[in-house]
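Participant: Sharing a structure here in structure tokens format.
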Amino acid sequence: MRLQTDMPQREQEQVLRASEVGTYAYCAQAWWLGAVEGIRPSNTRRLRAGQAAHERHGQRVMLSAGLMRLAYLLLLLAGLAGAGWAIRLLGS
């Protein structure tokens, strides 16, 4: 999305990113200070630590979803093996 304003051409070319929309939705003043005034947060170390924690959490969620699919597959295979065993036992 491109911003269309009465600003000079160079400033009109700025791209509005989803993270900026999220920042604005959370706190419009924080967005204004960063995007318009150019003021950066003073707690960048904590922000980086939070970002790293979210990335680790996302990886764990993906791993958990994969393990859950594997568990369902193994359960299905065990059920099929048990059904095959029961059919062979009853057929003898």
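Participant: Output the residues belonging to segment 33-92 that are part of a loop (DSSP other than H, G, I, E, B) and basic (Lys, Arg). Spell out the reasoning first.
Facilitator: Here is the first cut: in segment 33-92, the residues part of a loop (DSSP other than H, G, I, E, B) are 37-43, 92.
The one that is part of a loop (DSSP other than H, G, I, E, B) and basic (Lys, Arg): Arg40.
Participant: Restricting to segment 29-48, and then to whatever is hydrophobic (A, V, I, L, M, F, W, C) and surrounded by 11 or more Cβ atoms within 10 Å (Cβ to Cβ), can you tell me which residue is farthest from Val15 (Cα to Cα)?
Facilitator: First, pick out the residues of segment 29-48 that are hydrophobic (A, V, I, L, M, F, W, C): 30-33, 35-36, 39, 47.
Next, from what is left, pick out any that are surrounded by 11 or more Cβ atoms within 10 Å (Cβ to Cβ): 30-33, 35, 39, 47.
Details: Ala30: 18, Trp31: 14, Trp32: 15, Leu33: 17, Ala35: 11, Ile39: 18, Leu47: 22 Å.
The selected residue is Leu47.
Participant: Now for a separate question. Looking at Ala53, Ala65, which is the one that is under 30 Å from Val15 (Cβ atoms), of a type in the set (A, V, I, L, M) and within 16 Å of the chain's Cα centre (by Cα)? Walk me through it before giving the result.
Facilitator: Values: Ala65 fails: under 30 Å from Val15 (Cβ atoms).
Exactly one of Ala53, Ala65 is under 30 Å from Val15 (Cβ atoms), of a type in the set (A, V, I, L, M) and within 16 Å of the chain's Cα centre (by Cα), namely Ala53.
Here, each number is a calculation from the coordinates, and none is a lab measurement. Bear in mind the structure is a predicted one, so any value in this text is a computation, not a measurement. Quick reminder, even Gly has a Cβ in these numbers, built from the backbone with ideal geometry, and neighbours come from all protein chains shown.
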